[in-house]
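S.K.: Sharing a structure, written as structure tokens. Questions coming.
The values are calculated or read from the model by the stated rules, or taken from the named source; none is laboratory data. Computed from a predicted structure; not experimentally measured. Here Cβ is always computed from backbone atoms with ideal geometry, including for glycine, and neighbour counts include all displayed protein chains. Ligands, DNA and RNA are stripped out before the accessible areas are found, and what is left, the full protein with its side chains, is counted by its heavy atoms. Shrake-Rupley method; radii C 1.70, N 1.55, O 1.52, S 1.80 Å.
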Amino acid sequence: MQFVATEHQHRRLNPLNGTWVLVCPHRTQRPWSGQQEKAQKNELPDFDPTNPLCPGVTRPNGIQTPAYESTYVFENDFPALVEQVPAPPNSDDPLFQVAPAHGNCRVMCFHPKSNLTLPTMTSAEIVVVINEWINQFNELSSKYAWVQIFENKGAAMGCSNPHPHCQIWSCSFLPTEPQLKQERLRAYYATNDRPLLGDYVERELQRRERIVIDNPDWLVVVPFWATWPFETMLISRNNNKRINDLTLDQRYNLAVTIKELTTKYDNLFQCSFPYSMGWHGAPTGPEHAHASSAHWTLHAIYYPPLLRSATVRKFMVGFELLAMAQRDLTPEQAAQRLREVDGTCHYLDK
């Protein structure tokens with residue numbers, strides 16, 4: 001028998017972290033009788049007097065959210081990381097290792113209106129969001145080794161507040177995923193004298209099998225090694241290392257790209273498509289200030305859970321938790337579906 005990627009199970013390597021994903025495309029034929037989610041709808045009002053992220057509403061800690069008119073950033077009322085905390089004692093036992101962890105957690109509201117999301121905002125409004133991401137990054141990166149900008153969208157991804165917002169966690173240490181990428185990217189550069197993701201962009205442009213969006217500044221692909229059904233990676237094509245490297249034109253094109261991608265997501269199953277996304281770039285802080293970042297390429301990753309429809313999601317359980325990541329439809333099939341769906345007109349506007 002001849003191998004056919006869309007029919008036969010196989011494994012694919014993620015060169016960014018050294019792990020493998022199992023691809024089982026024949027499983028798309030199985031009937032679904034498992035849990036079904038409620039479709040993510042956007043039936044919120046512009047203003048909700050009970051939502052603490054809305055302008056003028058008092059938060060649970062008694063602080064009143066100001067009457068902001070654009071973006072708004074504040075210190076998380078219930079942070080996972082704080083700066084002033086006692087350090088744990090040193091341990092000489094290799095089985096019980098601990099290390100200090102200091103940091104900062106912030107919340108950033110994208111817009112004063114509760115019923116908007118990035119795909120339903122204008123490109124100009126998204127540029128304001130990007131500019132504030134960069135303002136926050138500039139401030140925090142001078143002190144912290146890692147600044148993680150991320151958005152959890154939708155209840156299916158654990159988002160506890162529907163108001164359009166993201167979070168920014170800053171760490172005194174390099175977290176696990178960035179640390180793995182740092183090691184793999186550095187090793188590839190040492191061998192090839194080229195950044196791994198720079199080479200990857202060139203290969204994807206040659207093959208054109210997994211491209212979703214392609215413009216002079218940004219490439220959006222379903223990665224060859226994607227784990228989640230409609231996972232995408234948004235990659236800088238201008239050798240940018242960190243988000244604050246972006247020029248004004250690149251920021252605007254990023255806003256257009258984000259709007260197109262998230263509109264495609266919403267239009268795919270005609271729902272407010274849930275996802276977790278975040279930015280990865282070269283480490284920061286005093287420890288990395290003078291280190292080479294030639295091996296890095298700025299990129300964002302989108303991890304959406306929906307599998308077959310607005311109500312059927314992918315669960316990472318069982319084999320995925322105990323053995324290795326597994327996906328059903330191939331990245332190429334996912335990319336074709338995202339590529340073909342409209343990214344210019346949101347389904348709510350039709």
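S.K.: Give the residues of the stretch 142-157 that are farther than 14 Å from ARG313 by Cβ and open to solvent by less than 20 Å² (accessible area, probe 1.4 Å), sorted by residue number.
M.R.: TYR144, ALA145, TRP146, VAL147, ILE149, GLU151
S.K.: Just give me the residues in the stretch 63-75 being of a type in the set (A, V, I, L, M) and part of a loop (DSSP other than H, G, I, E, B), in sequence order.
M.R.: Scanning the stretch 63-75 gives ILE63, ALA67.
S.K.: Taking the stretch 96-120 as the search range and keeping residues that are among the polar types (S, T, N, Q) and part of a loop (DSSP other than H, G, I, E, B), which one is most open to solvent (accessible area, probe 1.4 Å)?
M.R.: The selected residue is GLN97.
S.K.: Also, I was wondering about something else. Say whether the condition of being of a type in the set (D, E, K, R), open to solvent by less than 20 Å² (accessible area, probe 1.4 Å) and within 30 Å of ALA310 (Cα to Cα) is met by at least one residue in the stretch 121-133.
M.R.: Within the stretch 121-133, not a single residue is of a type in the set (D, E, K, R), open to solvent by less than 20 Å² (accessible area, probe 1.4 Å) and within 30 Å of ALA310 (Cα to Cα).
S.K.: So which of GLN206, GLN182 is open to solvent by 20 Å² or more (accessible area, probe 1.4 Å), part of a helix (DSSP H, G or I) and farther than 30 Å from THR120 by Cβ?
M.R.: The match here is GLN206.
S.K.: Okay, moving on. Among ALA294, ALA323, ALA310, which is over 30 Å from ASN239 (Cβ atoms), more than 21 Å from the chain's Cα centre (by Cα) and of a type in the set (Gly, Ala, Ser)?
M.R.: The match here is ALA323.
S.K.: If a residue has to be open to solvent by 20 Å² or more (accessible area, probe 1.4 Å) and over 24 Å from VAL312 (Cβ atoms) to count, how many in the stretch 218-249 make the cut?
M.R.: The number of residues fulfilling the criteria is 11.
S.K.: For the stretch 292-329, give me each residue that is under 15 Å from ALA226 (Cα atoms) and hydroxyl-bearing (Ser, Thr, Tyr).
M.R.: TYR302, TYR303
S.K.: Restricting to the stretch 158-171, and then to whatever is over 15 Å from the mean Cα position of the chain (by Cα) and open to solvent by 60 Å² or more (accessible area, probe 1.4 Å), can you tell me which residue is nearest to CYS109 (Cα to Cα)?
M.R.: Step by step, filter the stretch 158-171, then rank; the result is PRO162.
S.K.: Tell me which residues, restricted to the stretch 210-252, are in contact (Cβ under 8 Å) with a residue 60 or more places away in the chain and polar (S, T, N, Q).
M.R.: Listed by number, the residues that qualify are THR227, THR232, SER236, ASN244.
S.K.: (1) assigned to a loop (DSSP other than H, G, I, E, B); (2) of a type in the set (Ser, Thr, Tyr); (3) modelled with pLDDT of 95 or more; (4) open to solvent by 30 Å² or more (accessible area, probe 1.4 Å): which one isn't true of TYR252, the others all being true?
M.R.: (1)
S.K.: Of the residues that sit in the stretch 255-296 and are among the β-branched types (Val, Ile, Thr) and within 20 Å of GLU151 (Cα to Cα), which one is most open to solvent (accessible area, probe 1.4 Å)?
M.R.: Applying the filter and picking the extreme gives VAL256.
S.K.: With the requirement that a residue be within 23 Å of ASN115 (Cα to Cα), open to solvent by 30 Å² or more (accessible area, probe 1.4 Å) and part of a loop (DSSP other than H, G, I, E, B), what does the stretch 49-62 give you?
M.R.: PRO49, THR50, PRO52, GLY56, PRO60
S.K.: Collect the residues in the stretch 188-197 that are surrounded by fewer than 19 Cβ atoms within 10 Å (Cβ to Cβ) and within 19 Å of the chain's Cα centre (by Cα), keeping them in residue-number order.
M.R.: none
S.K.: Please enumerate the residues belonging to the stretch 147-173 that are assigned to a loop (DSSP other than H, G, I, E, B) and more than 21 Å from ILE134 (Cβ to Cβ).
M.R.: Answer for the stretch 147-173, where residues must be assigned to a loop (DSSP other than H, G, I, E, B) and more than 21 Å from ILE134 (Cβ to Cβ): GLY154, GLY158, CYS159, SER160, ASN161, PRO162, HIS163, SER172, PHE173.
S.K.: Go through the stretch 286-305 and give me each residue that's in contact with a Leu (Cβ under 9 Å, 6 or more places away or on another chain), modelled with pLDDT of 95 or more and not in a loop (DSSP other than H, G, I, E, B).
M.R.: HIS299, ALA300, ILE301, TYR302
S.K.: Find all pairs meeting these conditions: Cβ atoms under 8 angstrom apart; at least six residues apart or on different chains; first residue within the stretch 315-340 and over 18 Å from ASN14 (Cα atoms); second residue charged (D, E, K, R) and surrounded by 18 or more Cβ atoms within 10 Å (Cβ to Cβ).
M.R.: LEU338/LYS264
S.K.: For GLU340, all conditions in the list (1) buried (at least 16 other Cβ atoms within 10 Å of the Cβ); (2) under 18 Å from PHE273 (Cα atoms); (3) modelled with pLDDT of 95 or more hold save one; what is the number of the exception?
M.R.: It is condition (1) that GLU340 fails.
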